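Report on the following structure.
The values are calculated or read from the model by the stated rules, or taken from the named source; none is laboratory data. All figures in this text were calculated on a predicted structure; none of them were measured in a lab. In this analysis, Cβ positions are derived from the backbone assuming ideal geometry, glycine residues included, and neighbour counts consider all displayed protein chains. These area figures cover heavy atoms from the full protein model, side chains too; ligands, DNA and RNA do not enter into them. Shrake-Rupley method; radii C 1.70, N 1.55, O 1.52, S 1.80 Å.
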Amino acid sequence: MIAIDYKALKSALATPTKIAIIPHRNPDGDAIGSTLALNHYLKKMGHEAVVISPNEAPSFLHWMPGFETIVNFESDREHAIKTLKEASFVFTLDFNHLSRVGHDMQINLERLKTTFVMIDHHQQPDSYAQYTYSDTSICATCQMVYHFMESMKDLDKINPDIANCLYTGILTDTGSFKFASTTATTHQVAAALIEKGAQNAEIHRAIYDTNSPSRLHLLGCALKNMEIIPEFHTAIIHLSQAELDQYNYKKGDTEGLVNYGLSIDGVEFAVIFIENAAEKMVKISFRSQGSFSVNEFSRAHFNGGGHDNAAGGRGEDSLENTIAYFKSILPNYKNQLDK
Ligand code: 5GP
Ligand code: MN
């Protein structure tokens, strides 16, 4: 755990100033939830705060309070850069290294002479921030933003908008409170957020009950493609660009598919490979159960990282070759996967 000197930060934030708040590229519920919640909070403190997202968020997050105020770096680059240059504080949330915002935005962040604040729960945080709050044992950055406000002695500032945003990120990053990272404190924070106005049932519906017929057909295709390798307790799913096109793929449609592999009895390691023709790469998601660290696996072989049980990475070769390479290194992990 790395903690912030809250006395120093509180006095640095004592007078209203301009603040930029940044989630990681391809933001998920935790990234958007934590940045929007912090945005509402900093505005309540009197600051001029703006969330700048590296790119667009999936449509199942568009209902979130304040979503319409987010500046998209990719589609509104000049405005985003101007806002970054004017900011005297940059908060980066839900990521551990500036490369996670994408190359172009990373360069623009590195040029800034601004004070950085990092709040994040991913492993091996980089040291670019003057104020770092890092705790890899916490399930979601949204839970950390709650603790951050607690340390700032500002829990009374949590209104229904903040509560809805924070609850969303905790819900999505814990797989609806089922992953091992979910603790008693997580439930206590969730309960406090409901008391402060988080509409838990509505949030669940807005996030999970927005399937389109084509998304369910894509799910069918993914499940049909699933391959189990019993000797390594591993399940592989893959989707080609042609399959994504066939089922009208929209951003967010593949969210959570990798978990189907893990739901099989005896499977400890689940992987999904998703071809991205436009970016000439294969996006990979890794999930594990138990002690096998997908963070280390992805760092070692697929230029990625994340958490012990959930990580992402990428392949630069074709879909077929990326999968073949994955299968070729699996035997090296037989001992770890047998545990
Ligand atoms: P997902 O598979 O859902 O994209 O990502 C799983 C987890 O790993 C998330 O917490 C995500 O932020 C993290 N992650 C995904 N891709 C990368 C990556 O390339 N590098 C790092 N360090 N973390 C990643
Ligand atoms: Mn997160």
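Restricting attention to segment 129-152, the residues being more than 14 Å from ligand 1 (Cβ to nearest atom), among the hydroxyl-bearing types (Ser, Thr, Tyr) and touching a strand residue (DSSP E or B) at 6+ places or on another chain (Cβ under 9 Å) number 4.
I'm trying to understand the selection: among the residues of segment 286-309, which are out of contact with any Gly (no Cβ under 7 Å at 6 or more places or on another chain) and over 12 Å from Glu268 (Cα atoms)? Hits for segment 286-309 are Glu296, Phe297, Ala300, His301, Gly305, His307, Asp308.
Results for (1) at positive phi; (2) touching a strand residue (DSSP E or B) at 6+ places or on another chain (Cβ under 7 Å); (3) assigned by TED's automatic domain parsing to the domain that holds Pro65, shown as yes or no for each residue.
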position	(1), (2), (3)
Gly102	yes, no, yes
Thr114	no, yes, yes
Leu171	no, no, yes
Ala180	no, no, yes
Ala201	no, no, yes
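Those helices (runs of 4 or more DSSP H) of segment 162-270 in which at least 3 residues are open to solvent by less than 40 Å² (accessible area, probe 1.4 Å) and either more than 30 Å from Lys334 (Cβ to Cβ) or touching a Ser or Thr at 6+ places or on another chain (Cβ under 7 Å) (or both), considering only elements entirely within it, cover 184-195, 200-208, 213-224. Pairing each residue of segment 285-307 that is among the basic types (Lys, Arg) with any residue that is open to solvent by less than 10 Å² (accessible area, probe 1.4 Å) and away from ligand 1 (no atom under 12 Å from the Cβ), provided the two are 6+ apart or on different chains, yields C-beta distances under 9 Å for Arg287/Gly261; Arg287/Phe269. Using the structure shown, decide if Asp120 is within 16 Å of ligand 2 (Cβ to nearest atom) and in contact (Cβ under 8 Å) with a residue 12 or more places away in the chain. Judged against the criteria, Asp120 is a match. Residues in segment 9-35 that are more than 16 Å from ligand 1 (Cβ to nearest atom) and either out of contact with any strand residue (DSSP E or B) (no Cβ under 6 Å at 6 or more places or on another chain) or free of Cβ contacts under 8 Å to residues at least 12 places away in the same chain (or both): Lys10, Ser11, Ala12, Leu13, Ala14, Thr15, Pro16, Thr17.
Of everything in segment 68-120, what is among the aliphatic types (A, V, I, L, M) and closer than 24 Å to Asp135 by Cα? Give them in sequence order. If the condition is that a residue be among the aliphatic types (A, V, I, L, M) and closer than 24 Å to Asp135 by Cα, then Val90, Leu93, Leu98, Val101, Leu109, Val117, Met118, Ile119 are the ones that fit.
Scan segment 12-52 for residues that are farther than 17 Å from Tyr131 by Cβ, within 16 Å of ligand 2 (Cβ to nearest atom) and of a type in the set (Gly, Ala, Ser) and the total you get is 4.
Residues are listed down the side, and each one gets a yes or a no for (1) within 8 Å of ligand 1 (Cβ to nearest atom); (2) open to solvent by 50 Å² or more (accessible area, probe 1.4 Å); (3) not in a strand (DSSP E or B):
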residue	(1), (2), (3)
Glu275	no, yes, no
Val282	no, no, no
Ser291	no, yes, yes
Arg314	yes, yes, no
Ile323	no, no, yes
Phe326	no, no, yes
